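For reference, the structure discussed in these notes is given below.
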């Protein structure tokens, strides 16, 4: 083996190795560096989630997390390489594992609704998750577990893996979009009025007759937004390409 080929093989092996955050997420990380404080990767992720819950991802910084933990920013870098890596770990922690299914014998529509209910609750509990640049392959264990669950449900109907994956992404996109819309229409403070209140004076019935009626009826207030409507349309569409005996649906309940 020449020196050049050996170096090339070494570089390929290094590129194939998971990054530090992935080793941490999947439990393959080495023992965390010793410290005179109780600082750990777990405490950093938990604190980062608290900051993001309060201020969104825009308000999340290594310096702010360090300040809350009463350590220097450099102390955090002994546990995580970059803010972007930390966001991935935050996202996986906030997702948590999918809830256990009551029974695999339930109709696939009900199993899909239960999965969507639980994931939508995560998105509304942690609105910053909508803005997290996390996508592509399931690179963290909880993300993979949620995807595994929904693919089991959809592929179990007889749909191909490709169609099952596309359907799962469609449901997730709908849930994310609905959660984002709800977050955008909520007042910024306890005493703030929803935008629909002051928009009524700008979007007049003369110029925007239908939109004005929507605003006047309060249909864009967050308590009137029905994420279930879109979900049920997706389920109905999927039912059209699933075996007829599997496509029956007995109604729906409201999302949390």
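Read-outs throughout are calculated quantities, based only on the coordinates presented, and are distinct from any laboratory measurement. Since we're looking at a predicted model, the values are computed, not measured. Virtual Cβ from ideal backbone geometry, glycine too; neighbours counted across all protein chains shown.
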Fill in the blank from the handout: Pseudo-spin-label distance residue 58 to residue 17, built 7 Å along Cα→Cβ, given in nm, is 3.9
Completion exercise
Between residue 240 and residue 213, the two model label points (7 Å from Cα along the beta-carbon direction) sit apart by a distance in nm of 2.7
Fill in the blank from the handout: Here, residue 67 and residue 145, labelled 7 Å along Cα→Cβ, have an inter-label distance in nm of 3.4
Handout entry: Rounded, prolate or oblate (a/c below 1.5 giving rounded, otherwise prolate when a/b exceeds b/c) for segment 113-160 by Cα gyration tensor
Key = oblate
Practice task
Neighbouring Cβ atoms within 10 Å as the yardstick, rank 90, 139, 95 fewest first.
Solution key: 139, 95, 90
Completion exercise
Going from the fewest other Cβ atoms within 10 Å to the most, one would list 120, 208, 229 as 229, 208, 120
Exercise for the section: Name all residues of segment 226-242 having a backbone nitrogen under 20 Å from the label point set 7 Å from the Cα of residue 181 along its Cα→Cβ direction, giving them as ranges. Expected result: 226-238
